[in-house]
1. Collect the residues in the stretch 150-180 that are among the hydrophobic types (A, V, I, L, M, F, W, C) and out of contact with any helix residue (DSSP H, G or I) (no Cβ under 8 Å at 6 or more places or on another chain), keeping them in residue-number order.
2. Failed condition for residue 146, given (1) in contact (Cβ under 8 Å) with a residue 60 or more places away in the chain; (2) aliphatic (A, V, I, L, M); (3) closer than 30 Å to residue 174 by Cβ, with all others met?
3. Just the residues that are part of a strand (DSSP E or B) and under 26 Å from residue 3 (Cα atoms), please, taken from the stretch 160-191.
4. Tell me which residues, restricted to the stretch 222-234, are assigned to a helix (DSSP H, G or I) and either at pLDDT 90 or above or of a type in the set (Val, Ile, Thr) (or both).
5. Which residue is surrounded by the fewest Cβ atoms within 10 Å (Cβ to Cβ), if the candidates are limited to the stretch 170-193 and must be over 20 Å from residue 154 (Cβ atoms) and modelled with pLDDT of 90 or more?
6. How about the stretch 135-163: which of its residues are hydroxyl-bearing (Ser, Thr, Tyr) and over 17 Å from the mean Cα position of the chain (by Cα)?
7. Can you pull out every residue in the stretch 235-253 that is more than 11 Å from the chain's Cα centre (by Cα) and modelled with pLDDT of 90 or more?
8. Out of the residues in the stretch 52-77 that are small (Gly, Ala, Ser) and free of Cβ contacts under 8 Å to residues at least 40 places away in the same chain, which is nearest to residue 255 (Cα to Cα)?
Amino acid sequence: MLRLRVLTAAVLIAVLVSALFWLPRTGWWLFAAAVIGLCAREWGGLVAPAMRSLYALLLLALAAGSLWLVTLHPGTGRIWYWAAACYWVLAAPLWIARRPAGAAWPRLLAGVFVLVPAFLAIVQLRAWGPGTLLGLLGLVWTSDTAAYFVGSRFGRHKLAPAISPGKTWEGVAGALLASAVYASVWAASGAALPAPGGAFVALLLVLTVIGILGDLVESQLKRAAGVKDSGNLLPGHGGMLDRLDALLAVLPFAALVFLA
């Protein structure tokens, strides 16, 4: 299983990095829309399986309209980013603390505030600088990998056993330590940063915590649906949401900082 996970991750990284640096602007928009559309279909499938395709189409239409507004008035993207920030800070912790139940529409609406801002952030951060977006992707990959291996080796204390039994506080510590090292190397690289050294490292640690929150939200969504994975698109990983859950939470916050 580990070999399959590594092989799939290597292929995904190769495809993503190639698209990030080589696709023209419109090609990147279409690439991002395809990724978010797959995530939307999986989100809809977890909440209301009968309307997963319709949900994906409606969300993509909303994302396309929002992108059109952003191209005319770039500042309008910040409205979406602040909406996403409010969701992650105010609503997501309640989601994690209490199993989502009842009507499907609140969870479908939550998907809008997760996926549309992430789509706009992917587009705008790439326009700001492909290297910066790659750096943010690397942060999430680093923290996820560290959490997985440290948690597997040293994990004793469960982070959220009712939601995701495999996650541990030791894994969180490993993710934060790895992110601190990663952020320190980034800060020392001489790249343009939105904050000076120490503040930048602290910022990336906050983004790491937000990513863990995104992971837990998706785990709670799957728990409510009674499934292990959001899909079976990616061998060894599950669905697109399983692979991008942390990134979807991180990118709108990063856009607020880098695009200020």
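1. 169
2. (1)
3. 164, 165, 166, 167, 168
4. Hit for the stretch 222-234 is 222, nothing else.
5. Filtering the stretch 170-193 for residues that are over 20 Å from residue 154 (Cβ atoms) and modelled with pLDDT of 90 or more, the one surrounded by the fewest Cβ atoms within 10 Å (Cβ to Cβ) comes out as 188.
6. Answer for the stretch 135-163, where residues must be hydroxyl-bearing (Ser, Thr, Tyr) and over 17 Å from the mean Cα position of the chain (by Cα): just 152.
7. Scanning the stretch 235-253 gives a single hit, 239.
8. Among those residues, the one meeting the criterion is 75.
The values are calculated or read from the model by the stated rules, or taken from the named source; none is laboratory data. Quantities reported herein were computed from a predicted structural model and do not represent experimental measurements. Quick reminder, even Gly has a Cβ in these numbers, built from the backbone with ideal geometry, and neighbours come from all protein chains shown.
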